[in-house]
1. Where the accessible area of the range 636-711 is counted over protein heavy atoms with a 1.4 Å probe, how much of it, in %, is carbon and sulfur?
2. Once you charge only the Cβ atoms, +1 for Lys and Arg and -1 for Asp and Glu, what is the size of the charge dipole of the range 647-711 about its Cα centre, to the nearest 20 debye?
3. Within the range 1-105, report the GluC sites (Glu not before Pro) that DSSP leaves as loop and that have at most 14 other Cβ atoms within 10 Å.
4. Report Rg (one decimal) and Dmax (nearest whole number) for the chain, counting Cα atoms only, units Å.
5. Nearest 10 degrees is fine. How inclined is helix 181-197 to the longest principal axis of the chain, computing both from alpha carbons?
6. In whole Å, how far is the Cα centre of the range 305-349 from that of the range 64-88?
7. Arranged from highest to lowest average of other beta-carbon atoms within 10 Å per residue, in what order do the peptides 531-542, 671-682, 426-437 appear?
8. With each run of n ≥ 4 DSSP H residues scored as -39500 (n - 2.57), what mean residue ellipticity at 222 nm is computed for the chain after dividing by its residue count and rounding to the nearest 500 deg cm²/dmol?
Amino acid sequence: MADLIEEIIAHARREDRVYLLEHECKAILKHIGVPTTNCLVAESEEEAVSMGEATGYPVVLKILSPEVIHKSDAGGVKLNLGRGEVRGAYNELVATFKDRHVVGVSVQEMAKPGREVIVGATQDATFGPVLMFGLGGVFVEALKDVSFRVIPVTEHDAQEMMEEIKGYQLLLGHRGQSANVASLRDILLKISDLVTAYPAIKEVDLNPVFAYPEGSLVVDARMILAPPQSPPTLGGRFDAVPQTDLTAVFEPRSVAVIGASATPGKAGFNILDNLLRLGYEGEVYPVNPKAGEILGLKAYPAVDQIPHPVDTAIIATPARVVVEVMKGCARKGVEAVIIISSGFSEESEEGRRLEEEVVAIAREAGIRVVGPNTTGVFNAENNFTSSFVPVDEVTSGNVAFVAQTGLFLGVLFEHILSSQHFGVSKVAGLGNKADVDDADILEYLAGDAQTKVIAVYIEGLGDGRRFLKVAKEIAREKPVVVFKSGATEAGAEAALSHTASLAGRAEVFEAACKQAGISRVHSFEEMLDVVKAFAFLPPSPPTLGGTGGGNRVAVIHYTGAGCVIAADACQKEGLELAEFSPATVEALREITPAWHRIRNPVDLWAAIERVWVEKTYGVAIEAALRDEAVDALVVSFFAMPGWETYTPDFDLLRAAGKPVLFCVEGNEELVGEAVARIEGQGFPVYSQVNRAIFALSNLSKYALLPRVSPL
Ligand code: ADP
Ligand code: MG
């Protein structure tokens, strides 16, 4: 038996329609087990009457026409019709739409009122098919209270989608009406499966779905087909990517610097200079048509004239000669190139063509390409770099940075190195991403023992689905922190369905991050705050999530204002303030004056006045760490001239095994010293308590990630 869904699609194709009529959509829904109203098609007044009888009153009549997409706006829906009203309604509909291509009039049961929700699917330019859920009816347009996930979704995703909308409480039950959440989750999963199995179905709008306490019922459905011969949404272009790994990009045993220069300040000089000064462990071969000697190294006129093996080439020549250079690299058997040169797709149409030519040569020869238009990579393990920005000493550590912008490895890298105490493992600036993209780097970093945390700065993604898939796998092992700019961009295409018109790129990206378990941040500052917490603390401390199942925080502060700010931040970030045990309250009682009310966040000032800093913090920290109701601790103290600066008992902190984050405020120089002291011992320090709490909330969300959920 031919597949019913294929048949319906083929029928629409034969009639040159991209729009499936309501009765066709409902037949599809019925086929996949989604409950809908019946939907008979009457082609005459008599048929309408007998179908009304067969259905049972009251009934609904709706116009069926490929030219009438929004039926009720056009007067094409007649609700709540009794036995005597069907004839009149039929004739009225036919008369109103006499100039349209009317296929018939649908006759369906009048569903009893329920909560109206919308379930939809559409296409995102980056991630392909996405699923939407929201409150239906008037709420869809007015409130835009909807949530998204990239298809396919898991049961967990579907549940989160519902919980995410502001109107979720309305679904759970309000004034006697409540929705059967399990039946809605089932519809979400079935629509996810439907568009996965039938890529020809480009958009779906089930609007409204009536949700009742005992189940759900689709009362209106629309589906839009992709244009007949359109290529598969995503993926095609990328199938050709050679799956050689990136070892040569980060760990070359020998490197040619093509476009090497003896003139200080030029890129071709600085790259060599960086390699030599940083102490890169492999062989370095300058390439320059004038040959001779550069920085004490013998130079060669062309890469294929180097009489030794060359793993990797750094290309810093003008764009117009890069194609020739690539051919040389191919002849030489180079495994990877890092193209520093600009003047490619970022600049002009001609540049785009050049870039395509470069990639074609690379594919043919099995060469991986980083860039063009970038500073490239840095590896703290072997001190290999392709950067032309002078790099001094680097603190080697466990954080990898991946960025689109080449300047990341320049200016921002310098900022990180000079301001942060965590060290760096790898850096990759991807530039135009002609070949190697974010997902490739993530895959490499997944297997990199030195890297514990991955920070990614993204402007745009080519193949969003692949990124999502790779990120999802890796995020279970190592935290991935993403800062994406350009997030305000709205969905560009004008759309036939509600779903498509509501699916902005920013919302979809946000949803994709949740699905992948990515920590999403919205500024460079937030990125460093979160990265720091992951770099210093165990990414999934047993107290967060794990067995305790908790995100209960104790906050210790030296001022009431700080306590209020902290409480606000906890609420905003979804952390709970721990309810102290009697023992903790008792311990705090000993150091505070009798009039002082003890609660969490703890305002320590009154105690500090009585017994001073050392004792106050010592007692408070020890009590909080010992308290079983406390999963994590945030401690804020001051660094002031003339006052003693508190130094924590690090052994005590380590022994407790709970995440402890600090905040130090006051004199800049003294704060700097305190930060160095504390971070030197492996505990993150923040400049404000709310920033510490934001970082902690990311740690807690990471700890609570479902660890088994395939994509
Ligand atoms: P359109 O979205 O094309 O304007 P609908 O079929 O959604 O048309 O009808 C408009 C409204 O009429 C729906 O939002 C719903 O409230 C109501 N409605 C439609 N069909 C039924 C039905 N079978 N039973 C009860 N109410 C219905
Ligand atoms: Mg509708």
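The values are calculated or read from the model by the stated rules, or taken from the named source; none is laboratory data. Fair warning: this is a prediction, and the values are worked out from it, not measured in the lab. Cβ: placed from backbone, ideal geometry, glycine included. Neighbour counts: every protein chain shown. Ligands, DNA and RNA are stripped out before the accessible areas are found, and what is left, the full protein with its side chains, is counted by its heavy atoms. Shrake-Rupley method; radii C 1.70, N 1.55, O 1.52, S 1.80 Å.
1. Of all accessible area on the range 636-711, carbon and sulfur atoms account for 56 percent.
2. Taking the Cα centre of the range 647-711 as origin, the dipole is about 540 debye.
3. The qualifying sites are Glu15, Glu43, Glu67.
4. 31.4, 101
5. Compared with the principal axis, the helix lies near 80 degrees.
6. 66 Å
7. 426-437, 531-542, 671-682
8. -11500 deg cm²/dmol
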